[in-house]
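Trainee: Below are the structure tokens for one structure; questions will follow.
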Amino acid sequence: MLQKTSFVLLVTVLMIIIIYQKPTEAVLQNSAQIDTTIVLPIDLTGDEKNDSIFYHITAESWKKPFTVEYKIVCNGEVILTQTSVDEAIDQDFGNPSMMDWCEGYLPCKKDWYLKKMPEEAIKVFKPGDNWRKDFFDTTSDVSLASALKKLYIDSLGYSPKKVTGELKKLKVLFDKKNMVYLMIPSQPVYKSFPRFYDPLHKVIVQLYGF
């Protein structure tokens, strides 16, 4: 009887130890508060000096919606700040109809915020890229030149003649240098219309036909 009682007591103690063991490292990682900043160095102005895109994500844990902040600094000047709370898309992580490149809530979420979002924040066009020939096509309604033309006239009050001259200056500036489109979403969506920073006039223009 004493042996049986001792065995039951031993099993009970072992069960208590198993139940109250410390959380694993993975559990701690998934439940810990998130506060991460990734800095993307890129020349946005054509001066061959790197500017900085600060990508900052915060959340109570990996299982809570994320807040995403962007800050872009050119030559020491902040040209863009933007914040969004991604509550609307949090339920989509792990949903194959929404994200078919990954499986599972946490794997998809980590891939999205730590890899996909920072990697796709910019799109670089080198001097020889085919797309470059269309950027300054003023006959196209969806070109960079057309978007800048509208901005120059509507926001800066330039005359058509001055617009032509300013576009030529911009084209010369980037003639043999990379041009960068900012692919930062204006809200938590899967596709964002690109934006371009015009360093000559210190304005950001959004393109809708890209």
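Trainee: For Ile42, which sequence-distant residues (separation of 5 or more, or a different chain) have an amide H within less than 5 Å of its own amide H, given hydrogens modelled in the peptide plane?
Mentor: Hits under the 5 Å cutoff: Asp51, Ser52, Ile53.
Trainee: List the GluC sites (Glu not before Pro) in the stretch 25-119 that DSSP assigns to loop (not H, G, I, E or B) and whose Cβ has at most 14 other Cβ atoms within 10 Å. Which are they?
Mentor: Sparse-neighbourhood loop GluC sites (Glu not before Pro): Glu48, Glu60, Glu103.
Trainee: Less than 23 Å apart at the alpha-carbon level, and either on another chain or at least 8 residues along: which lysines does that give for Lys168?
Mentor: Straight-distance partners of Lys168: Lys49, Lys123, Lys126, Lys133, Lys149, Lys150, Lys176, Lys177, Lys202.
Trainee: Write down the radius of gyration of the stretch 112-210 and its Dmax, each obtained from C-alpha positions, in Å.
Mentor: Looking at the stretch 112-210, its Cα Rg and Dmax stand at 14.1, 46 Å.
Trainee: Would you kindly compute the Cα radius of gyration of the stretch 23-206 and its largest Cα-Cα separation (Dmax), both in Å?
Mentor: 19.3, 68
Trainee: Another question, if that's okay. Enumerate the calculated ³J(HN,Hα) couplings along the stretch 111-122 in order (Karplus 6.51 cos²θ - 1.76 cosθ + 1.60, θ = phi - 60°), each rounded to whole Hz, writing x wherever the residue is Gly or Pro.
Mentor: Coupling constants for the stretch 111-122: 5, 5, 7, 9, 10, 5, 4, x, 5, 9, 6, 9 Hz.
Trainee: Additional query: How much length is gained on full extension from Val85 to Phe54, taking 0.36 nm per residue of separation minus their Cα-Cα distance?
Mentor: Between Val85 and Phe54, full extension yields 9.5 nm more.
Computed from the coordinates by the stated procedures, all read-outs in this text should not be read as laboratory data. Keep in mind the model is a prediction, meaning the values are calculated, not measured. We place every Cβ from the backbone using ideal geometry, glycine too, and count neighbours over all the protein chains shown.
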